[in-house]
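J.: Handing you this structure, nothing more for now.
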Amino acid sequence: MAQTAAPKTAKTYTPGKTSWGDPNIAGVYTNNDESLIPFERPAAFEGRRLEDITEAELEHLRDDRSEDRIEADRNRAEFRSPIHWFENHFPNNSRAWLVVDPLDGHVPPLTEEGRRRAATQAALAATHGPADSFEDRSLWDQCITRGLPGSMMPGVYGNVYEMLQGPGYVTIIYEMVHETRVIPLDGRPHAGQNIRMYIGDARGHWEGSTLVVETSNFTSKTRYRGSSENLKMIERFKPVGPDTIEWSATFDDPHTWTQPWTFVMNLTKKDQSQRPFEYACHEGNYGMVGILNAARAEERQGKDVVSPKEAEGER
């Protein structure tokens, strides 16, 4: 029997309305099932489109990804959290890769300005060790922020988000670092260019049943894949079923990339028992203490300090 392409979720779903008339997308969501999906199109699929991938191929990919990840986690468990902490084993991936635009499935090349900035940052990083101070660690390590879109990218745990709605606003609570993002819908302008924020300045509006959120005013401290402060990120939260929102993020930054680009993944609705847990990162940030203590021990032994970054890294 000939294989057929993987079925796609219907795009004609219309959610109910709030009491004030906005599309009702409130609820608790997770993207655990989107864990382990390659960000860009793998070499094995070069020349193919997402819609060309058959359901049988996708099922095979799910199995292989889960087996590889579980084996890798088991082999390095003594250096990490216990296996039962992991929430991203056996994910039911919705797609073969995430980047949908450009159609080749790859993030566009950096501009000349973007390459110069990356080289300058690399040269600066080389002037000190990865753990000379807590300030050498990422803002995530410091329990400050994962930035955007990092706060909604699936990791090994903490992949729960709660969307709340009120007249003129949508609020998103992120379990990881427990950030809360308040998004006005009243058409107000963005903050002035001198005001820069870790997760930017968000403004939203509805296009039919889709929530469109434009975020700007980022700080250089929360660069995403080398982006500049001029990044404009446009997200679309599109209900495609009673329990599924298609979340897409478009990155427009001519100071960094040669053209805008977009990735897509699904958010799956859960019941209220799955609301975000308290993150309590600062109260229990033993990781930072361990990193700095290990660096000092390496120095006492006269060894070069090596960054302990995890294999999964930032996507």
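J.: Return the pairs, sorted by first residue and then second, in which the second residue is open to solvent by 60 Å² or more (accessible area, probe 1.4 Å), the first residue lies in segment 112-129 and is within 22 Å of TRP257 (Cα to Cα), the beta carbons are less than 6 Å apart, and the residues are 6+ apart or on different chains.
T.: If the second residue must be open to solvent by 60 Å² or more (accessible area, probe 1.4 Å), the pairs left are GLU113/HIS255.
J.: Name every residue in segment 138-159 that is in contact (Cβ under 8 Å) with a residue 12 or more places away in the chain, open to solvent by 20 Å² or more (accessible area, probe 1.4 Å) and not hydrophobic (A, V, I, L, M, F, W, C), in order of residue number.
T.: In the first step, residues of segment 138-159 are kept if they are in contact (Cβ under 8 Å) with a residue 12 or more places away in the chain; the result is 139-159.
Okay, now just the ones that are also open to solvent by 20 Å² or more (accessible area, probe 1.4 Å), so 139-142, 144, 146, 156-157.
The answer is ASP141, GLN142, ARG146, TYR157.
J.: While we're here: Of the residues MET163, MET197, which single one is modelled with pLDDT of 95 or more and open to solvent by less than 20 Å² (accessible area, probe 1.4 Å)?
T.: Values: MET197 fails: open to solvent by less than 20 Å² (accessible area, probe 1.4 Å).
Every option except MET163 fails the conditions.
J.: Examine segment 106-115 for a residue that is touching a Gly at 6+ places or on another chain (Cβ under 8 Å), surrounded by 14 or more Cβ atoms within 10 Å (Cβ to Cβ), within 30 Å of GLU51 (Cα to Cα) and β-branched (Val, Ile, Thr), and state whether such a residue exists. Break it down into steps so the answer makes sense when it comes.
T.: From segment 106-115, those touching a Gly at 6+ places or on another chain (Cβ under 8 Å) are 110, 114; that's our starting set.
Going one step further and asking which of them are surrounded by 14 or more Cβ atoms within 10 Å (Cβ to Cβ), we end up with 110, 114.
Retained after the next criterion (residues that are within 30 Å of GLU51 (Cα to Cα)): 110.
Next cut, β-branched (Val, Ile, Thr) only: none.
Scanning segment 106-115, I find no residue that is touching a Gly at 6+ places or on another chain (Cβ under 8 Å), surrounded by 14 or more Cβ atoms within 10 Å (Cβ to Cβ), within 30 Å of GLU51 (Cα to Cα) and β-branched (Val, Ile, Thr), so the answer is no.
J.: Is it fair to say GLU71 is outside any loop (DSSP other than H, G, I, E, B), under 30 Å from LEU58 (Cβ atoms) and out of contact with any Lys or Arg (no Cβ under 8 Å at 6 or more places or on another chain)?
T.: Working: outside any loop (DSSP other than H, G, I, E, B): yes; under 30 Å from LEU58 (Cβ atoms): yes; out of contact with any Lys or Arg (no Cβ under 8 Å at 6 or more places or on another chain): yes.
So GLU71 fits the description; yes.
J.: Next question, about the same structure. Please specify each residue of segment 21-75 satisfying the condition of being basic (Lys, Arg) and in contact with a helix residue (DSSP H, G or I) (Cβ under 7 Å, 6 or more places away or on another chain). Can you show your working first?
T.: Residues of segment 21-75 that are basic (Lys, Arg), as a first pass: 41, 48-49, 62, 65, 69, 74.
If the condition is that a residue be basic (Lys, Arg) and in contact with a helix residue (DSSP H, G or I) (Cβ under 7 Å, 6 or more places away or on another chain), then ARG74 is the only one that fits.
J.: Exactly one of these conditions fails for VAL212: (1) under 25 Å from ASN92 (Cα atoms); (2) in contact (Cβ under 8 Å) with a residue 24 or more places away in the chain. Give me its number.
T.: (1)
J.: From the list ASN293, ASN266, which one is assigned to a helix (DSSP H, G or I) and farther than 18 Å from THR171 by Cα? Don't jump to the end; show me each part of the working.
T.: On the way: ASN266 fails: assigned to a helix (DSSP H, G or I).
Only one candidate passes the filter, namely ASN293.
J.: Which condition breaks for TYR224 when tested against (1) open to solvent by 30 Å² or more (accessible area, probe 1.4 Å); (2) farther than 17 Å from MET265 by Cα?
T.: Among (1) open to solvent by 30 Å² or more (accessible area, probe 1.4 Å); (2) farther than 17 Å from MET265 by Cα, TYR224 violates only (1).
J.: Spot the failing condition for GLU55; the list is (1) out of contact with any Pro (no Cβ under 9 Å at 6 or more places or on another chain); (2) more than 25 Å from MET176 (Cβ to Cβ), and only one is missed.
T.: (1)
J.: OK, next. Within segment 171-185, identify whether any single residue is loosely packed, with under 14 Cβ neighbours inside 10 Å and at negative phi, and answer yes or no. Show your work before the answer.
T.: Within segment 171-185, the subset loosely packed, with under 14 Cβ neighbours inside 10 Å is 180, 182.
So of that shortlist, the ones also at negative phi come out as 180, 182.
Yes, some residue in segment 171-185 is loosely packed, with under 14 Cβ neighbours inside 10 Å and at negative phi.
J.: Within the bounds of segment 61-71, is there any residue that is exposed (fewer than 12 other Cβ atoms within 10 Å of the Cβ) and at pLDDT 95 or above?
T.: As a first pass, look at segment 61-71 and keep what is exposed (fewer than 12 other Cβ atoms within 10 Å of the Cβ): 63-64, 68, 71.
Imposing the further condition that a residue be at pLDDT 95 or above reduces the set to none.
No, the conditions are met nowhere in segment 61-71.
The values are calculated or read from the model by the stated rules, or taken from the named source; none is laboratory data. Since the model is a prediction, treat every value here as computed from it, not as a measurement. For neighbour counting, all protein chains shown are included, and Cβ atoms are generated from backbone atoms with ideal geometry for every residue, glycine included. All accessible areas refer to the heavy atoms of the entire protein, side chains included, with ligands and DNA or RNA removed. Shrake-Rupley method; radii C 1.70, N 1.55, O 1.52, S 1.80 Å.
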